Amino acid sequence: MRGNGAMPVTDWRSEEAYSGLKKAEAADLAWEWLRRDRDYQEAYSRLSRRERSSGAVGQFRRKWGLSFSS
């Protein structure tokens, strides 16, 4: 891996670069995809800046299809 400190650069064709994914579940992959989505990042940033009323959090979770286990 190489990089400028912001984000590592890997060879996407290398099996070794993705060896950890062999044990990943669908939810793991979905989270990795979602957290890199610019629209999600902006929506989360707006949510974290305002008061987190149960309505706002619930609406955010529904929009992005989030469900959390306790």
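The values are calculated or read from the model by the stated rules, or taken from the named source; none is laboratory data. Remember, predicted model here, so these are calculated numbers, not experimental data. Neighbour counts are summed over all protein chains in view; Cβ atoms, including those assigned to glycine, are modelled from backbone coordinates with ideal geometry.
Within segment 47-70, if we keep just the residues that are modelled with pLDDT of 85 or more and basic (K, R), the residue that is surrounded by the most Cβ atoms within 10 Å (Cβ to Cβ) turns out to be R61. Within segment 1-28, restricting attention to residues that are within 26 Å of R61 (Cβ to Cβ) and among the hydrophobic types (A, V, I, L, M, F, W, C), the residue that is modelled with the lowest pLDDT is L21.
For segment 19-28, the tally of residues that are part of a helix (DSSP H, G or I) and under 16 Å from G65 (Cβ atoms) stands at 3.
One residue stands out among those in segment 29-46 that are at pLDDT below 90 and farther than 15 Å from G65 by Cβ: the one that is farthest from the chain's Cα centre (by Cα), which is R46.
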